[in-house]
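The values are calculated or read from the model by the stated rules, or taken from the named source; none is laboratory data. This is a predicted model, so every value here is computed, not measured. Here the Cβ positions follow ideal geometry from the backbone for every residue, glycine too, while neighbour counts run over all protein chains shown.
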Amino acid sequence: MRIRWIALPVAVAVLAAGGWYLKGPSQWTEPRDTGAPGRTIVLRDGRRIGVVERGDPGGHPVFYLHGFLGSRLEMIASERLLLRFGIRWIGIDRPGVGLSPVDDVGSYADWAVDAGELAEQLGAEKFSVLGWSAGAPLALAIAARLPDRVDRVAIAAPIPDMDVEELRLNAPRAWMFQVRLAGWMPGLIGRRLQQLDRQRMHDPRGFELERARGEVPADANALGSGDMVDMLMADRAEAFRQGTGGLVHDMFLMSRDWGVEYQSIRAPVRIWHGDQDRIASIRNSEYLAQVIPGAEFIPVRNAGHYVALTQAEPIIRWLARR
């Protein structure tokens with residue numbers, strides 16, 4: 001009997017600890033100061049958004065929405081290319097990444113409301129948006145929510161809109177499993193991301209080069225250049241600046257309906273997607289081209305998920321109307 005009374009609280013404690021591990025908090029309590037360039041814009045309600053500006057200060061504003069495990073530091077184009085085409089590049093941290101605190105928004109459409117106030121504070125009456133991978137739904141949400149202010153929309157290798165059954169079925173099984181787990185067991189996903197970050201910190205350059213070697217040749221060549229590796233190292237460190245809480249929430253948003261009203265998008269839309277993309281199915285882009293009024297789809301032969309890098313000049317040229 002005594003053993004039974006001892007075993008019961010031990011079992012309860014084990015279950016509670018397991019539940020905390022799977023569902024509990026998973027971010028560091030103290031953010032890291034990476035010393036990376038950028039500043040925060042304070043919205044009227046006190047929330048903050050991290051941004052960094054590159055290129056031509058007097059050029060045409062382009063809001064860049066980064067991919068998963070990226071940040072405002074993510075750059076698909078060189079400074080020289082931005083200056084050549086007169087682009088004022090504005091990289092934006094999503095909530096919980098870089099300089100933007102965690103914000104429990106329920107959908108991409110919810111966060112898109114802030115883009116209008118951000119544009120006002122940056123003096124951008126009209127602007128374009130460019131979204132790559134997990135940044136694509138936010139770029140489209142901004143275009144739908146602010147149709148009178150967004151003048152062009154460039155999308156590269158978008159993740160699937162999870163409200164569309166066909167796209168869910170075409171998504172890689174491992175990716176689907178992980179984004180679903182972000183909602184069911186955020187603690188588990190957070191700790192997996194912590195392991196990934198520890199691996200990255202052990203050898204940042206080797207980490208990026210190893211990831212590059214696993215991509216299709218066109219992507220591997222772009223990712224393996226010295227300048228690109230330097231950018232990715234800084235970008236990845238900034239992505240983990242606040243720990244993993246924001247990244248887990250980012251994955252949770254990927255698992256949900258985007259909340260984007262495609263018919264509200266009035267700006268010209270052009271979508272690039274590599275036919276060798278193993279992370280996001282090319283069907284994602286074909287679908288968006290069908291449902292967004294007037295959208296143009298450009299399949300890129302022999303390109304993978306990093307098509308935004310290999311097609312940087314055509315993308316920037318189009319945004320600059322050249």
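Residue by residue, here is whether (1) part of a helix (DSSP H, G or I); (2) buried (at least 19 other Cβ atoms within 10 Å of the Cβ); (3) within 15 Å of the chain's Cα centre (by Cα); (4) not acidic (Asp, Glu) holds:
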site: Ala220; (1), (2), (3), (4): yes, no, no, yes
site: Ala237; (1), (2), (3), (4): yes, yes, yes, yes
site: Met251; (1), (2), (3), (4): yes, yes, yes, yes
site: Trp258; (1), (2), (3), (4): no, yes, yes, yes
site: Gln276; (1), (2), (3), (4): no, no, no, yes
site: Arg283; (1), (2), (3), (4): yes, no, no, yes
site: Gly304; (1), (2), (3), (4): no, yes, no, yes
site: Glu313; (1), (2), (3), (4): yes, no, no, no
site: Trp318; (1), (2), (3), (4): yes, yes, no, yes
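Let's see how each residue does on (1) of a type in the set (A, V, I, L, M, F, W, C); (2) under 13 Å from the mean Cα position of the chain (by Cα); (3) not in a strand (DSSP E or B):
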residue: Leu73; (1), (2), (3): yes, yes, yes
residue: Arg80; (1), (2), (3): no, no, yes
residue: Trp89; (1), (2), (3): yes, no, no
residue: Leu118; (1), (2), (3): yes, no, yes
residue: Ala134; (1), (2), (3): yes, yes, yes
Quiz item: Looking only at residues in the range 104-116 that are of a type outside the set (Gly, Ala, Ser) and more than 10 Å from Ile49 (Cα to Cα), which one is nearest to the chain's Cα centre (by Cα)?
Solution: Tyr108
Self-check item: Residue identified as at pLDDT 95 or above, touching a Pro at 6+ places or on another chain (Cβ under 6 Å) and either of a type outside the set (Lys, Arg) or on the phi < 0 side of the Ramachandran plot (or both) among Asn302, Asn284
Solution: Asn284
Practice problem: Given the conditions (1) basic (Lys, Arg); (2) buried (at least 19 other Cβ atoms within 10 Å of the Cβ); (3) without any contact (Cβ under 8 Å) to a residue 60 or more places away in the chain, report the number of the one that Arg168 does not fulfil. | Solution: (2)
Quiz item: Would a scan of the range 120-139 turn up a residue that is surrounded by fewer than 17 Cβ atoms within 10 Å (Cβ to Cβ), among the hydroxyl-bearing types (Ser, Thr, Tyr) and at negative phi?
Solution: no
Self-check item: Single unsatisfied condition, Arg266 versus (1) surrounded by fewer than 18 Cβ atoms within 10 Å (Cβ to Cβ); (2) within 18 Å of the chain's Cα centre (by Cα); (3) outside any helix (DSSP H, G or I)
Solution: (2)
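What's the total number of residues in the range 151-184 that are part of a loop (DSSP other than H, G, I, E, B) and within 28 Å of Gly116 (Cβ to Cβ)? Steps first, please.
Applying the first criterion (part of a loop (DSSP other than H, G, I, E, B)) to the range 151-184 yields 157-164, 171-172.
Right, trim to within 28 Å of Gly116 (Cβ to Cβ) and you get 157-164.
Here the count works out to 8.
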Practice problem: Pairs only if they're at least six apart or on different chains, beta carbon under 9 angstrom, first in the range 174-197 and closer than 20 Å to Arg278 by Cα and free of Cβ contacts under 8 Å to residues at least 60 places away in the same chain, second surrounded by fewer than 16 Cβ atoms within 10 Å (Cβ to Cβ) and of a type outside the set (Gly, Ala, Ser); list them, first residue then second. | Solution: Met176/Arg168
Quiz item: Is it the case that some residue within the range 211-233 is closer than 24 Å to Ala141 by Cβ, among the aliphatic types (A, V, I, L, M) and touching a residue at least 24 places away in the same chain (Cβ under 8 Å)?
Solution: no
